[in-house]
Amino acid sequence: STVVLVFEAPIDFKFCMKPGQKIKYGQKIGEV
Amino acid sequence: FNEAWKKTKVTWYPIPVGLGIAFIAFQHMLRVYVREKRKEQDTTEFRPIIVGPWQVHVIDALPLRALSRLWGRINNDYNLPVWLREPFYKSYSWLFDCNLEEIENTDLKSYPNLGSFFYRALKPDVRPIENATLVSPADGKVLSFGLVNNGKLEQVKGITYSLDAFLGRKEGKYVIEPGKQIVDVVTSTHIVDEKEFANVNGITYSLDALLGDDPVDATKQVSSVGEDASVQSEENNYKKELDVAKSVVNLHGVREGNTLYFCVIYLSPGDYHRFHSPTNWVVEMRRHFAGELFSVSPYMLKMLPDLLVLNERVALLGRWRYGFFSMIPVGATNVGSIRINFDKALRTNRREDLPVGTYTEVSYKKASKLFDGQPLRAGDEMGGFCLG
C-alpha cells in the first residue's frame, strides 16, 4: 500500500528526507 | 437401472402453446438486455491501456481484485487455532521485520487472525508527533517527493503521471488517443447520495463558497447552538490557522508565491498499516476511484509507470494553512480495503464496484459547521489499510 500527499505550499517549503529513507509516522518530512 | 431404462413406458405430451411463446419472449428479452448492457458499457467505460513489459501483461491478466477479496476472506473470516497464533505471528514478524515491542496489545494469542494482527495498534508513546509544518502520515519508505511540474507528478525517476488522472478533474472524461500512455485515462463522474453528506460537483471550487463570505458568521452559528465557550475559542484559533485568503483556487492553480508539492510513501507488509493526519487540515471531500489492485512495490512501480493512477484509491481533498491539501491512500493486491475512520459509508474493493477509472464523490461539508469539513490535527488517526 502507498500513501501519496499532494499539497500547495510556499516556494520556500523544504523536504527534510531522502528518497529510499525509512520513516515513521509523526516524523518531520517538511518545513517552511 | 437397466430394467427401468428398458421397461418404462415413454409418454409424449404436447407443450402448451402459451408456454412456448413465453419461453421465446424470455429469450428475446434476455438477448436485448445483454445487448443494451454491452452498449452502455462501451459508451461509459474505457478499459485502461496497460503499457509495460511482458510481466505486467501477465499480472494484468490475473483477476487481481477477486484474488484480493479471497485473500481478505481467508485472513479476516477464519481464525487461527490458539496454539498456532504465537509461532505464526512471530514467523510473520521475523519475515517482514515487524517490531513486536511497539504494539499495544503484546499478547499475540489475542489476535484471532492475520487480518487483526495486520491492523494492530501501536503503544501511544512510541511515535511522538514532531512540531513541524508537515509530518509523515504513516510508517514506510519514502519513494519519491518533489514539485508538481505542469500538472505532472514524478512517480519514480523519469516517469511522470498526470495530476488530473490521479485526483480527477472537472470535465470527468479523458480522451484516449491511440498510442498514448495511460496517463490520460478515463474518469466519468458518478455522484452518489450518502446519508447526510451533500454532493459537490466538479473539482474546481471556490473557497468563498466553502468558508462562507465571513468566517465570523460561522462562529456565530455555532454559538447559537450553545457549544462550550472554551472549546469554541480553541476551535476558532484552529480555524484561523486554516483559513486562507478569500480567493478562488483549484487543483491546478495555486496562489502567488506558492507551488504544488507531492510525496509518495510506500508501506511494506510488515509496517504498521494505519495512517495519521500529516498536519492540521480540513478534509472537504473524498473521491473514491475504482481501479485495479496491482502490487505497489517499488519493483512494480518501476515496471508499470501509471500504477498509482490505475489502482483503486481514496483521494481526500481539502485545505490547510497554505491552501490546497490532499492525501491519497492507494490500495494494493494484498490490502485492497481502505478504511477511513470518519467515513463509515466508504467501502472499497467490493465485487459490485464501479467500472474501472470512475469515481464517486462525497462532500464532508456537513461534518462540522465551523470548519465546513472534517477537521484533523497533526497525528490524528485517520484510518488504515486492511487485508483483502
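For the stretch B:301-368, the gyration tensor built on C-alpha atoms gives an oblate shape. Its axis ratio a/c (a ≥ b ≥ c) is at least 1.5, and a/b is not larger than b/c. Given R₀ = 51 Å, what would the calculated FRET efficiency be for residue B:3 paired with residue B:55, taking r from the Cβ atoms and rounding to 0.05? Calculated value: 0.25. Neighbour counts of C-beta atoms inside 10 Å place B:102, B:361 in the sequence B:102, B:361, starting with the fewest. For residue A:16 paired with residue B:345, estimate the spin-label separation in nm (one decimal), with each label point 7 Å from Cα along the Cα-to-Cβ line. It is 4.0 nm.
In this rough spin-label picture, where each label sits 7 Å from Cα along the Cβ direction, the residue B:33-residue B:73 distance is 2.4 nm. When each of B:360, B:11, B:333, B:259 is scored by the number of other beta-carbon atoms lying within 10 Å, the sequence from fewest to most is B:11, B:259, B:360, B:333.
Bear in mind these aren't lab numbers, they're just calculated from the coordinates by the rules spelled out. Small disclaimer: the values here were computed from a predicted structure and weren't measured. Ideal geometry is used to build each Cβ from the backbone, glycine not excepted, and the neighbour counts take in all protein chains shown.
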